[in-house]
Each structure stands twice: as C-alpha cells, then as structure tokens.
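Each reported figure results from applying straightforward, stated rules to the coordinates on display, with no laboratory input. Because the structure is predicted, anything quoted here is derived from the model rather than measured. A quick note on method: Cβ atoms are made from the backbone with ideal geometry, for glycine too, and the neighbour counts reach across all protein chains shown.
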Amino acid sequence: MPFELFIGLRYLKAKRKSTFISLITLISVAGVALGVMALIIVLAVMTGFEEDLKDKILGTNAHIVVLNSIGAVQDYPQVMKKLEGIDGVVASTPFIYNQVMLSTGKNVSGVVLRGIDVDTDAKVTNLHKSMVEGDLKSLDSEVGKTPGVVIGKELAKNLGLFLGDTVDVISPMGNITPLGMMPKLNRFRITGIFNTGMFEYDSTLAYVSLKEAQQFLGLGDVVTGIQLKVRDVYKTGELARHIDRELGPPYHARDWMQMNKNILFALKTEKSVMFIILTLIVLVAAFGIASTLFMVVMEKTRDIAILKSMGATSRSIMRIFVFEGLIIGVLGTVIGVLGGLLIALNLEPIVSVIQKVTGFELFSKDIYYLDHFPSQVVASDVVLISVTAVLISFAATLYPSWAASRMAPAEALRYE
C-alpha cells in the first residue's frame, strides 16, 4: 500500500524540477475545489434563509391556531383552560383577525387587524421583543382616551406615520343605514412600532387590544381563535391532531407548518434541486480527473511496463492510479471545504462590501421579505458534500486505472 501511494504522489509532479505539481493536476484540483465551495456556500445560504424564515414565522405567529369552522369561538376562557391542560401545550392566548384599511387622509393601505390580549400574547409570541418604539402594554388604554394601535415599521414608513400620530381605521363590515351598508370608522393613536425583520409582516399587520377589536368590529365577547405555544415546534402536527380529537367538531387545529406549507415546501425543494444541480460541477471536475489520469497513463507507459516486468501485479498498477485520482479529489475537497466555510461564515460582511464597492443591491428585502443576508452552515451538509465529492472522484479513477492495469509490458515497450 505505501508503495502504490508513493508512486501515485510521484506521478502528480510535473516533469520540470522547478514545478512542484503539474498544470493539468492543478486544474483538476481547482475544479473539485470550486464545485465543493459552490455547494457549501449555496446550501449555507439556503439553509440560512429557511431557518431565518422559520424564526420570523414562529416569532410573530403561534405554533398552533385553534379555530371554529362554523364561526367565532365562544366561551373562549373555558376552551383555553382545556387546551392548556393538554400535554405539550405551554401557553394560550385569544386573538381576533380581520381585514381593515388604515387612512391618514393622504395615504391609504389595506392591512390585517389583529386584536390581542396583551398579557397572554407575550407568553405565546415574541411580538413584544420586536418593538422598536413604544410598548405593547400601551394598547390597554384608559377609558376616554384615543385607543392605541401598534403597526409595523414598513407600514409606518409607507403611511408616513410616527409614534403618537393618529390614523383612521376603516372596517368594511360597518353599520346598516337607510342608505345601505356604511363602513365603520374609528380613530386610533400610534402607540408602538414593531420590526420583525420580515417585510411582509412589517408592512401588513396592525395590532389593537382584544377588547377594542371586539368593540370596533361589533363582535361581542367572542374571538376568531386561540393561539398556542407548544413545547416541541417540530411535533406540532401530531399535537394538532390530538387537539382535534380532544375538542371535537366544530373546532379544528392548524399548526405552523400546515399554515406555511407552500413556502416551506418550496424552500426545501429548492435546496434539494440546487444540491443536485451544483453536484454537476463536481461531476465536470471528475471528468477532469479522468482526463488527467488518461494523460498520465499515456505518459507513464514505459514506467508501467517496467513496474510489471519487475513483478508488479495488475492490482498494484490499478491502485497507483486510483490513489493518484483520490489524492486529487481529496485535496480539492479539502481546499473547497476550507474556502466554502470561510466565505459562508462571513458572507454577510462580504456581500456588504461588494454592494458598497459596486453600488448594486444584491439583496432586496422587498423581494426576499428579510432584512439581512442569512447564512448558516450545517455540519451534516458539509459532511454530505465532502463524501459525495470524494466518491465522485473515486468513481472517476476506476476506468483509467483499469486501463492502465490491463496494459501488457511487451506492447508498452514496443512503442517506446
């Protein structure tokens, strides 16, 4: 084994003594390294997007939502108490959900109005941690004062609103008059501004207190549904089915994965497709390894004949060239992993520098719904990429090595 490995290392060197490694070998190593590097960087970015999006979704929304399929949820305090008694449920909070319009006189925007119980909402969502101005507790305004509303940073920017400003909230479900249905309007004061980091939420959500939402929408003492925080966010599907059995019709539970299944499925599919596509780069590099070995076999025909004349077996000759190809593959993989990790772990500052130098925005939050460039390296992904690259490199060595082992000494020496 050491003999074949030594010969394989020797064949990687160039003919000139001044050159440590041949140009064709260097190109083959670079091909594998670039493929591995591209795989690590792209998968790190896609994993970062996926995890960041999950954090934003779980930070603003509940893990499970319980709804009434035939209308509003009545006697919600009793339902909440029953839900909190189910194993796996950590906390619960009621909510009201409706679509309204916000008007400042000059600007109008359609938003989703959510009525929340300030005290219990903090136990279920992380909205209170996303506040950049004001406080969620300000929604519980005193009697006689203008009711408060909390809006997202992007929505405030679009409407030109600041903390303390007033805004008209218009509900399409208004009052019936002799002239027909008239939209209901009420004036609210901006008592808080939040920034979740997800553009879609920050530009379309507005929060008021639960009692104010019930009064404004004319709902009475009912809610749209109940939000739950659970112990294990990756077992919400099983828990939701258990809740369905416990409560029975007309109640039904939906977990966060089900409510966001389209975007989560798209991210997972894109990551798998990108892995397959970028693996083709490593396959192209594998052809470079095969070409290198064929050229070495043609160049070392005399050496092969001499080794066989001295008693080397066909298996030994094959191992020499397999080792040579594997050295190229392993060396390229190591360089690619180191380079990929270096870039992936520092991707955000690198992108920032590129954007400042070129003046071109590579990452738009209006498109990606995120406010930064996420990158997360997963150890299992790096291992999978490394093993795949080495296996592809090994497969590329088999035929050239087999061809070299089949060479007859007499035929090899005849053409020298």
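Can you tell me the dipole magnitude for the stretch 45-163 around its Cα centre, using point charges on the Cβ only (Lys, Arg +1; Asp, Glu -1), in Debye to the nearest 20? It would help to have the intermediate numbers written out before the result.
Values: 12 positive and 15 negative charges, 71 e Å.
For this selection, approximately 340 debye.
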Using per-residue counts of other Cβ atoms within 10 Å, averaged over each peptide, order 64-71, 319-326, 117-124 from highest down. 319-326, 117-124, 64-71
Compare the peptides 31-43, 233-245, 280-292 by average per-residue count of other Cβ atoms within 10 angstrom and give them in order, highest first. 31-43, 280-292, 233-245
Residue-ordered couplings for the stretch 186-200, obtained by feeding phi - 60° into the Karplus form 6.51 cos²θ - 1.76 cosθ + 1.60 and rounding to whole Hz (Gly and Pro as x), are 8, 9, 10, 10, 6, 10, x, 10, 10, 9, 7, x, 10, 4, 4
